[in-house]
Amino acid sequence: MGPRPVPPPQRSGPRAGSQAGPTSGWHTAAPSQDLFGMLFLTIHSGIALPEVDSGLFGDHTDSYVRIIIDEKKGPRTASVKNDLNPKYEETFELPVAGQIGDIRIEVKDDDAVGRPDFVGKFTILSHEMLQGFDHRQFKLLKSDGNPTPTGHLVVSCRYQSHDDGAATQVYGAFEERRGCRVTLYQDAHHDPDHHMPQVMTSTGPREPTHCYLDMYNAICDAKHFIYITGWSIWTDLRLVRHADCMSLGELLKFKAEQEGVRVMLMQWDEALSVDNPIINRLISTTKAGMMATHDEETNKFFKGVRNVDCALVYRNGSGVSSHHGATNKLSKFLGWASPSALFTHHQKTIICDAPALDGSQRRRLLAFVGGLDLTDGRFDTPAHPLFNTMNTMHRPPGQDLDCIQHCIPNPDTSAGPREPWHDIHAKVEGQVAWDIMANFEQRWRRQVPSKRDRLVNLSSGQYAQAFIRPDEDVIRDHTHWNVQMLRSIDTHSAEFGGNSPGGAIERSIRDREAPHHNHGGCAIECSIYTRYLAAIEKAQRFIYIENQYFLGSSREWAGFDDHTNNIPCQHRIPLTIVNKILHHIRNGLPFCAYILLPLFPEGVPESGAVQEILHWQFLTVQFMYRRIAAELRSVQSPHSVLDYLQFFFIGNREPLQPGEIPKQTPTERQNLLVRTRRHMIYVHSKMMIVDDELIICGSANINQRSMAGDRDTEIAVAAYQPAFMGDNARGDVHHFRLSLWAEHTMLMEDSFLRPESLQCARRMRALAEHNWKAYIDPNPTLGMYAHLCTYPYTVDPQSGEIRAADDCPSGCFPDNEKWGATIVGSSQSGIPDLLST
């Protein structure tokens, strides 16, 4: 008998929540004119370009066009060979947040050997861009500013404000889909005996969701195909912790061999994990590989299994060649020596067929997307235990311990504490699920071309009759969602363009003004980044972010220099948040950004990689608070910078239970943690909520690796319910945000309903400071009532200057003082900037 779907666990008893009321108390100032929108710049063609090649044997200028923004190299067109009248026809989306400056356009000759030759340049003034123009001819100038003998460039420009409702559709290669269904998950599982405060909806208490359980049941229900992409896929994973439930590998093998379901897995091929026990012993302490992705194990598990195709694929991104002007030579060397070792495939999706909702025999699609990997150490609940589930929930029947501990060198995982894991995921149904399948197909065709014919064609033959068409799979009641799939990816890893099956048609990046740019002919999509910017720019009340990393806008960092300290992390998300806050300060409007991070990036905290990332994070937070403080002084506001921007982490302490005997280990640091009974909860989420209206959920971190499109591959969804916008923003996004806050604070208070209010901002700060005191208290028997802690920066409320927390006198993280794990981090000359940003 085959595997059967499992019902969700039952709650043993309810707890009530509460609702209501805004607060005020904000300083007023004169309104300002900030710009928030997108600049569409189209490079059409060149006319009679100057000849910089010899002209012999038909060898003419091989031109390309570079956009220079604020004296920084921006995107460029593809090269056009041997043509003095080249046709480019490429459109670039340039985000505008705050003020806009002049843009310089340079034409260069793309020589095969040596540096590109200069052909000509011109400048587009800011007021010209805002006014817009169509097919305007610009005369090329020499480097000294004098006109070239011949040569013009034909350019069009259009600015579109995000206040314009039409702008909401221009974010990615795939359309926003209407009439979808979305289920949001916090953590892999929900323990019914962990009584968080309940969130009340219009129909009663919000029901908890169970991500891994729903994944297990979806795989059980599949009849035709199961597609999975992953950074890591672990075949021993127990999605459901019952003795009679199969592991993930066993379940997929059963579906393929016994039921004839087509199973296709596409996992990142970690360059330093190989199927060789001698080499593995040299570079890794486990059989999972250096990065613990299990890729070689997974490939071996499915080798020869009928109806299963398991492909390990490298990420050969264009991020090295596009990293112009870098000062970190190690980045350039590694990119030349081993480009496939620098970046990852970071998408995490499951796509499969499912029963129709109308009770018919036809099938539909559903997809899972988010931050939760199908691997070890991710099974956790909102309680985030440290020790007391080591022999129960985290040791499935007949299995080894399912725990990870990457924050201690050479740990004994059986002694604890386990590394708690907080994550966010989503299930989407409707037309957007077809788009997520199309992403899988595009990647498969590009990276597994020898097995293109293995993909299931749902638009022909028996499948066309068996499946509901995408345009039929629509719900029309007031709870429906509008959802758009977003990506960070380039044509090294996906075939852009073409039709996805069943009529869910992707709009080609080259046929519309999608957020992309071009490096030497490689098209890049960065729609996750563009959607983040647009959502922040349209925010009216608050922003709530949970993310594994928060670093960016490096041009604003203290010490940044184009020539000697050019850190390649220039995405504008932190700056856009600051500009939004400044706009509200100038206009006397309430606004607050809440940002939840891990205490430190996963790894041994004093290690070079972790310290460098912490340094980039510190520089990001530093410039944000300085900018806010300066604006508050300029309008003579009495408010603190912490009224507008707050950073948190979550942690847990678990007092010794009666009869529990702590296990001693050979590791001094682990024994220390066993005594102090505390550990951070690792925030792996990649989520942003804006105004309780919109949620962006996916695999993308807030760093350049995830946002650029030419480094790691990523996928996300942006989703909202049209019936719950503005003053009526009390839909599922609102309830999900309250559920997250209930998990982190173990409270449900009236002020939580108005996150933009001073009352809420100061209440959250007070709760976090109280929990932080409990976290660092020398008495390990106290425990913690809740998890939310203020991040260990001391922030001057008036000047905005920050430093390591004053109650961490050594400037180091708790329990890591002896090893010099500093909170503010430090730059590491031996770490490639491309990796750490």
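Which sequence of MET725, MET246, MET748, MET129 reflects their accessible areas, 1.4 Å probe, from the largest down?
Sorted descending by solvent-accessible area, the residues read MET725, MET246, MET748, MET129.
To check you understand DSSP bridge types, tell me what percent of the beta bridges within the stretch 177-268 (both residues inside) are antiparallel, rounded to 5.
Looking only at bridges with both residues in the stretch 177-268, the antiparallel portion is about 25 percent.
Between LEU401 and ASN146, how many nm apart are label points set 7 Å from Cα along the C-beta direction?
It works out to 7.7 nm between the two label points.
Out of all DSSP beta bridges with both ends in the chain, state the antiparallel percent to the nearest 5. All intermediate terms of the calculation are to be shown ahead of the outcome.
Values: 112 of 139 bridges.
Around 80 percent of the beta bridges assigned by DSSP in the chain are antiparallel ones.
Packing-wise, with mean Cβ within 10 Å as the measure, how do 354-364, 536-546 rank, highest first?
Working: 354-364: 13.6, 536-546: 22.0.
The packing order, highest mean first, is 536-546, 354-364.
Let's see if you can work this out: charge +1 on each Lys and Arg Cβ, -1 on each Asp and Glu Cβ, no other charges. What is the dipole magnitude of the chain about its Cα centre, in debye to the nearest 20?
Dipole size: approximately 600 debye.
Rounded, prolate or oblate: which one fits the stretch 702-779, using the alpha carbon gyration tensor with axes a ≥ b ≥ c (rounded when a/c is under 1.5, else prolate when a/b beats b/c, else oblate)?
Numbers: a/c = 2.60, a/b = 1.22, b/c = 2.13.
Oblate, because a/c is 1.5 or more while a/b does not exceed b/c.
Considering only protein heavy atoms and a probe of 1.4 Å, how much of the accessible area of the chain is carbon and sulfur, as a whole percent?
Details: 15450 of 30510 Å².
The nonpolar share, carbon plus sulfur, comes to 51 percent.
Could you please report the charge total around PHE542, scoring K, R as +1 and D, E as -1 over all other residues with beta-carbon less than 11 angstrom from its beta-carbon?
0
Counting other Cβ atoms within 10 Å of each Cβ, which GluC sites (Glu not before Pro) in the stretch 677-755 have at most 14 and sit in a DSSP loop?
Qualifying residues, ordered by number: none.
What do you get for trypsin sites (Lys or Arg not before Pro) in the stretch 419-490 restricted to DSSP loop and a cutoff of at most 16 other Cβ within 10 Å of the site's Cβ?
Taking the stretch 419-490 and a limit of 16 other Cβ atoms within 10 Å, the loop trypsin sites (Lys or Arg not before Pro) found are ARG476.
Each residue of the stretch 364-379 in turn: what ³J(HN,Hα) in whole Hz from Karplus with 6.51, -1.76, 1.60 and θ = phi - 60°, glycine and Pro shown as x?
Along the stretch 364-379, the couplings run 10, 10, 9, 9, 10, 8, x, x, 7, 7, 8, 8, 6, x, 8, 5 Hz.
May I ask you to list, by number, the DSSP H helices of the chain whose Cα span along the axis is at least 24 Å and whose average Kyte-Doolittle hydropathy reaches 0.0 or more?
What comes out of the filter, once short or polar helices are dropped, is 608-634.
Report MET291's accessible area, 1.4 Å probe, all protein chains in place, as a number in Å² to the nearest 10.
Looks like 90 Å² after rounding.
Given a 1.4 angstrom probe, what's the average accessible area per residue across the chain, in square angstrom? Don't skip to the answer; put the middle values down first.
Details: 30510 Å² over 837 residues.
Per-residue accessible area for the chain comes out at 36 Å².
Can you tell me which of 577-588, 652-663 comes out highest on packing, and rank the rest after it, using the mean Cβ neighbours within 10 Å? Could you put the intermediate results ahead of the total?
Working: 577-588: 21.6, 652-663: 13.3.
So the peptides 577-588, 652-663, ranked by packing, come out 577-588, 652-663.
So what's the net charge close to VAL308: Lys and Arg +1, Asp and Glu -1, counting the other residues with Cβ under 14 Å from its Cβ?
Local net charge: +4.
Of the listed values [x] 3, 13, 21, 21, 17, 13, 8, 3, 1, 0; [y] 2, 11, 18, 19, 16, 12, 9, 6, 4, 2, 1, 0, 0, 0; [z] 2, 13, 23, 26, 21, 11, 4, 1, 0, grab the one calculated as P(r) over Cα pairs in 10 Å bins from 0, in percent from the structure here.
Computed from the coordinates, P(r) over Cα pairs in 10 Å bins from 0, in percent corresponds to [z].
Grab the other residues whose beta carbon is less than 13 angstrom from that of TRP741, score K and R as +1, D and E as -1, and report the net.
-1
The values are calculated or read from the model by the stated rules, or taken from the named source; none is laboratory data. Bear in mind the structure is a predicted one, so any value in this text is a computation, not a measurement. Quick reminder, even Gly has a Cβ in these numbers, built from the backbone with ideal geometry, and neighbours come from all protein chains shown. All accessible areas refer to the heavy atoms of the entire protein, side chains included, with ligands and DNA or RNA removed. Shrake-Rupley method; radii C 1.70, N 1.55, O 1.52, S 1.80 Å.
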